[in-house]
Each structure stands twice: as structure tokens, then as C-alpha cells.
Amino acid sequence: MAIKRALISVSDKTGIVEFASELAKLGVEIISTGGTQSLLKNSGVPVIGISEVTGFPEIMDGRVKTLHPAVHSGLLAVRDNEEHQASMKELGLDYIDLVVVNLYPFAETIAKPDVTYEDAIENIDIGGPTMLRSAAKNHAFVTVVVDASDYAQVLEEVRAAGDTTLDTRKKLAAKVFRHTGSYDALISDYLSRQVGEIYPERYTVTYEKVQELRYGENPHQKAAFYRKPNAAADNITTAEQLHGKELSYNNINDANTALQIVKEFSEPAVVAVKHMNPCGVGIGASVLEAYQKAYAADPTSIFGGIVAANREIDEATAQLLHEIFLEIIIAPGFSSEALEILAKKKNIRLLKVSGLDQAATRTAQPVVTTVEGGMLVQDSDAYQLTEADLKVVTERQPTEAELKQLLFAWKVVKHVKSNAIVLAADDMTVGVGAGQMNRVGAAKIAIEQAGDKAKGAVLSSDAFFPMGDTLELAAKAGVTAVIQPGGSIKDEESIRVANEHGIAMVMTGVRHFKH
């Protein structure tokens, strides 16, 4: 068989004139519609309008033009089926051998901040997906192209043999169904959100590939990195890499954790992360001061870690960052002097993430976690505690200075793996206990790490104390104030212990488990 007729109708016209021109030189008859037809005609490419094929005008502002038996019979007819051949001959219909279609820009439309519902609906393509699906179903005989990056291969094969190979047609058909599936997922998500269906009976998500990764968590695991279409600017999926080698699977996970923590703060803040847990967090009057505190929090663990800042990295901060081995530095920008200093190490990744220096209200977004055979979906933990939410449950009220540290520690412990305990003092973490099977174990780790810095520090717990033993440890270490959710049947025991040692304790009524 040979490709003799092609139907071309594209929204993204990248490379289409050159592609169609080459097809025409190979003797392929080209059918087209609307804006694509005008472009090809004005570019000197011989083209036949769709109405000449269907015998019916384009109507309803172009909503109805290709939805016609003359089109879909030409796409769906099984070429070696005698009955199909007879029907085509009897009705005077011709086969269509090649379909080149990409769809109305629905994702780009709904990404506009001022998009109206009516505009979104108008950008739902009907005829395009229908043609793509018809052609892809009949890929035994029809070549279907949805991606401009495939034009070159199709031309190469048509020049060589007059047609594409069956293997190529299978691959192109699979790509089409991935494309239309993703397109429909975006539409269903948009419409579901419009009517408040947050967790519908069928949950379909779509992501686009950013890159294939060298490996996953370990070298024997394959991996790739995907992003959600129209993702916000202030996250790892939209980061601009300014320097360094390719990101790894673990790098991306750690970088995401660092970003989520640093976005908790409006004041200058720096976060150091190792293995998806913060090892040091500091805030200050400048990014330099914030980094000095984050480093001092745990000078050992920061080695080989990821650092995120919510302010531009300046020359002075870059000098200090350059002194130690770091995998990644993330910031909303780097001064030219800082970039020159840091780029002296060829492997360090420098990531620019827009918007980190702009205080924004955190909104809950769906978070998907896979389990074998299924997945869990929940809202992201976007809860933001205010001083007004706190309930003092002890005889002693926290001082103003303690209250500031308690709120700081609470923002950090929210992002530490459970069971989690964080000690803080002087606008920095001084001890972090993460991922323990019991809360008192997490407290022991945090207190041991803090050492003498525990004296006068505050303690934050991601969940309630099941008994008073954690408070006993805290009191012995010199902790003066505690923040915790409350809600244990033994809250009174913890309150009693706190009162006995003169510790001020506040409850939030909200826990922050992170598994």
C-alpha cells in the first residue's frame, strides 16, 4: 500500500508547512480545514478543502466539519475486507491514508488566569479526537500523527517505501491514545472541579514527561520524572537548572521536600534537607543570616544535602555555601557573583524556582500515593496555624519569645517524617527526631542532637503525646515550652507533667502526620 491522501488539521502549526509541502512533492493529495487550509494554501501547498470531500459546508463556527461519513469511512474502512471495499466503491468514497491532527489548546486555555467557563468549553475539541481515534484504531492501514516531532520519520519512510511500516503505525497509534487520554483527563478534571467533584467515582490524572532518569532510588530501578500540566511556578517540576549535572530520582524527592518547607516562611529562610527530612532550618533578617543558622543547626548532616532559600543567593552566602559539599542549591535567583562562585564546582545543581520570595497563601492540592494495585489520593497538608488558633493548657503562659519559636518549630515539624519531634531556639532548629516508631524515641534523638542547646529551647510534636514520658525528657533537657496537637486520652497526664516543671504548653487541635 502507499500513502496517497492525507488529512491535515492542526492547532499547533509548528513545521506543518514544510511537512505538507514535502508530502505534496511525493504526490500525496492533501485535504485540510479552516486555518490550516488557509495557511497551506497561502504557502503554496496544493490543498483541498474538507467541504469538497464531504459535499457539506463547515457549519456552526467550525464545530461541525469533519464529523461526516466521507471522512470516517475513509479512515475506518478495513482495506482487505471485501464488504468494506464494496461499500466504499458503491458510495463513491475514497480512502484517507494519513491523518495529521493536533487538538484545540484546552490546557493553555484553562491556564489563563481570566479564562471564562464558556471559553474553556469552546476549546474542547470534538472532531479532532474523533479523527485521531478512528485513524489510530485502523492503524493496520492508516498512519496517524499527533506530534510534530514525528514528521521527519514519517517523511523518511514515505520517501523510502511510499508508506510507513506497521511497527511505526503501531507506535504512532499508541501515542495518539496517550494523547487523547491525557486530553480527556484534563477536561474531566476541569469540569469536575467546576461542579465541586473533588474525589469522583473515577479518578483520572495525566502528567507529561520532563525527563527520563538514570535510575530510581537505587541503580537497579528504572525511573522517569513527570509534571502535571499547568503546574504552578514555585515547585520542582518547573525549576530552571542553571548549572550542574542531571538531577536524580532522590535529588528530586529531596528538593521537593526542601521547597515545601521553605515555602512555609515569608521572612528570609533557608532549609537544609537530607533523605526527605530537614536537618537544619533557619530564618533571619537576610538570606546570609538564615543560612548561617540552618548550617549551625546540624553542620554534620548538611554535608551532601540539599539547600533551599526563599531569597536570592548573594555573594556572601555563596562563599559559605561553596565551602561545603552540597548536591543542590535552590533559590528564586542567584546574583551574578554568587553564580560565578558556585559554578566553580561542576557537579553542583543550581536550580532557580520562581515565586519563592513572594509570600503566598498555601492551598490544598490533590496528592497521589501509589500502593500495589491502586492509589491513595488526599489533599496536601496546607493547613496554616495562626497564634489565634493556639490553646494554652498549662498554668504558665508562653512568653512572646517562646511563642515565636513555637510557631517556627510547628512549621518545621509539619514536614518531618512521623513520629516527629523538633527542638528550636533563636529562629533555628537545634534538634530533629524523625521517623521513629514511638514518640519518646523521636524526642530522645532530637534532645541528644540539641545537646546544651536544648536548654531554653521549645519543642514541637507532630501528634499528641500518648503519655507524659516525652514531657519528662523535655523537662530534664531544659525545654521551656511545648506545642502539640492534643487529643490524647492522657492529655491531663502531659499537662500535669508540664505544670510540675514550669513548662508552658499550647495545643493546636491539628496534627501533622507525615508517613
Check whether at least one residue in the stretch 440-460 is open to solvent by 20 Å² or more (accessible area, probe 1.4 Å), in contact (Cβ under 8 Å) with a residue 40 or more places away in the chain and assigned to a helix (DSSP H, G or I), and report yes or no.
yes
Hey, could you check the stretch 385-419 for residues that are without any contact (Cβ under 8 Å) to a residue 24 or more places away in the chain and not hydrophobic (A, V, I, L, M, F, W, C) and say which is most open to solvent (accessible area, probe 1.4 Å)?
GLU400
Can you find even one residue in the stretch 74-85 that is among the basic types (Lys, Arg) and either part of a helix (DSSP H, G or I) or open to solvent by 50 Å² or more (accessible area, probe 1.4 Å) (or both)?
no
The stretch 111-122 residues that are within 16 Å of ASN230 (Cα to Cα), paired with ones that are surrounded by 12 or more Cβ atoms within 10 Å (Cβ to Cβ) and of a type in the set (A, V, I, L, M, F, W, C) (beta carbon under 6 Å, 6 or more apart):
ALA120/ILE110
Of the residues in the stretch 183-208 that are of a type in the set (S, T, N, Q) and part of a helix (DSSP H, G or I), the one that is surrounded by the fewest Cβ atoms within 10 Å (Cβ to Cβ) is GLN194
Mind listing just one residue for me: the one in the stretch 263-314 that is among the aromatic types (Phe, Trp, Tyr) and part of a helix (DSSP H, G or I) and, of those, nearest to SER418 (Cα to Cα)?
TYR295
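Those residues that are touching a helix residue (DSSP H, G or I) at 6+ places or on another chain (Cβ under 8 Å) and open to solvent by 60 Å² or more (accessible area, probe 1.4 Å), I need them from the stretch 340-353; list them, please. Walk me through it before giving the result.
Keep residues of the stretch 340-353 that are touching a helix residue (DSSP H, G or I) at 6+ places or on another chain (Cβ under 8 Å), which gives 341-342, 344-345, 348-351, 353.
Once the filter is applied, which keeps residues that are touching a helix residue (DSSP H, G or I) at 6+ places or on another chain (Cβ under 8 Å) and open to solvent by 60 Å² or more (accessible area, probe 1.4 Å), the stretch 340-353 yields LYS344, LYS345.
From the list VAL422, VAL432, exactly one residue is open to solvent by 10 Å² or more (accessible area, probe 1.4 Å), at pLDDT 95 or above, within 30 Å of VAL377 (Cβ to Cβ) and outside any loop (DSSP other than H, G, I, E, B). Which is it?
On the way: VAL422 fails: open to solvent by 10 Å² or more (accessible area, probe 1.4 Å).
Of VAL422, VAL432, the one residue that is open to solvent by 10 Å² or more (accessible area, probe 1.4 Å), at pLDDT 95 or above, within 30 Å of VAL377 (Cβ to Cβ) and outside any loop (DSSP other than H, G, I, E, B) is VAL432.
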Taking the stretch 293-333 as the search range and keeping residues that are among the aliphatic types (A, V, I, L, M) and touching a residue at least 60 places away in the same chain (Cβ under 8 Å), which one is most open to solvent (accessible area, probe 1.4 Å)?
ALA296
Where PHE465 falls short, out of the listed (1) touching a helix residue (DSSP H, G or I) at 6+ places or on another chain (Cβ under 7 Å); (2) open to solvent by 10 Å² or more (accessible area, probe 1.4 Å); (3) in a loop (DSSP other than H, G, I, E, B); (4) of a type in the set (A, V, I, L, M, F, W, C):
(2)
Only one of (1) touching a residue at least 12 places away in the same chain (Cβ under 8 Å); (2) of a type outside the set (Lys, Arg); (3) open to solvent by 20 Å² or more (accessible area, probe 1.4 Å) is not met by ALA290, so which one is it?
(3)
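The values are calculated or read from the model by the stated rules, or taken from the named source; none is laboratory data. Quick caveat, the model's predicted, so the values are computed rather than measured. Here Cβ is always computed from backbone atoms with ideal geometry, including for glycine, and neighbour counts include all displayed protein chains. All accessible areas refer to the heavy atoms of the entire protein, side chains included, with ligands and DNA or RNA removed. Shrake-Rupley method; radii C 1.70, N 1.55, O 1.52, S 1.80 Å.
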